[in-house]
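Written below as structure tokens is the structure these notes are about.
The values are calculated or read from the model by the stated rules, or taken from the named source; none is laboratory data. The shown structure was predicted, so the numbers you read here are calculated from the model rather than taken from an experiment. Because the Cβ atoms are built from the backbone with ideal geometry, glycine has one as well, and the counts that use them run over all protein chains shown.
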Amino acid sequence: MIFAAFLASEAIIQSSEDDQEVLLLTLDAEKAFDKLEHEILFNKVYHYGIDGDMWILLRNMYREMSIRIKWDDLVSDKISVNQGIQQGAKLSTSLYKCYNNAILDSVTESGLGCHMGTIGIATPTCADDILVLANSECELQGIMDIKTPYRKVKNERHRDTK
């Protein structure tokens, strides 16, 4: 999130120089890692160019996945897991980004949100946490219309004075 904080600081400085306000919105996709559908994920991974043995290896890691629950000395039967990725695993953040990147690309293509020069910085992201940076409520709403899967919202308004 240091990267997101840097971009937020730069957006505030740039907007202050341009006498504009900056709206910051933090988004957290509820149960993002739990709700990810395997078939969609591996379709997207394939379209990003991961194929052959690497694609098969990734797919096999999640195919017919199951868990057991242990409580004291008791262990449950296997429970089938058909969606979600393992939080904390080394590849989980990268796999989630592959899954979620279409939303971020849509925001970039829309041209909405803050910019550093000609570079769009509207949605710096760390896994399922997204910081939205916009210069108006209209832009912010436009970005939110693209990002409907995100529900937990904390809204802050910043305006530096000279």
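Restricting attention to segment 106-127, the residues that are outside any loop (DSSP other than H, G, I, E, B) and surrounded by 12 or more Cβ atoms within 10 Å (Cβ to Cβ) total 9.
Here are some residues: 28, 51, 18. Which one is more than 25 Å from residue 112 (Cβ to Cβ) and out of contact with any helix residue (DSSP H, G or I) (no Cβ under 8 Å at 6 or more places or on another chain)? Give the steps one after another, and end with the answer.
Details: 28 fails: more than 25 Å from residue 112 (Cβ to Cβ); 18 fails: more than 25 Å from residue 112 (Cβ to Cβ).
Exactly one residue qualifies, and that residue is 51.
One line per residue, one yes/no per condition, for (1) within 22 Å of residue 90 (Cβ to Cβ); (2) not assigned by TED's automatic domain parsing to the domain that holds residue 143:
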| position | (1), (2) |
| --- | --- |
| 21 | no, no |
| 26 | no, no |
| 41 | yes, yes |
| 46 | yes, yes |
| 52 | yes, yes |
| 55 | yes, yes |
| 65 | yes, yes |
| 71 | no, yes |
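Looking across segment 91-105, the residues that are under 20 Å from residue 59 (Cα atoms) and outside any loop (DSSP other than H, G, I, E, B) come down to 92, 93, 94, 95, 96, 97, 98, 99, 100, 101.
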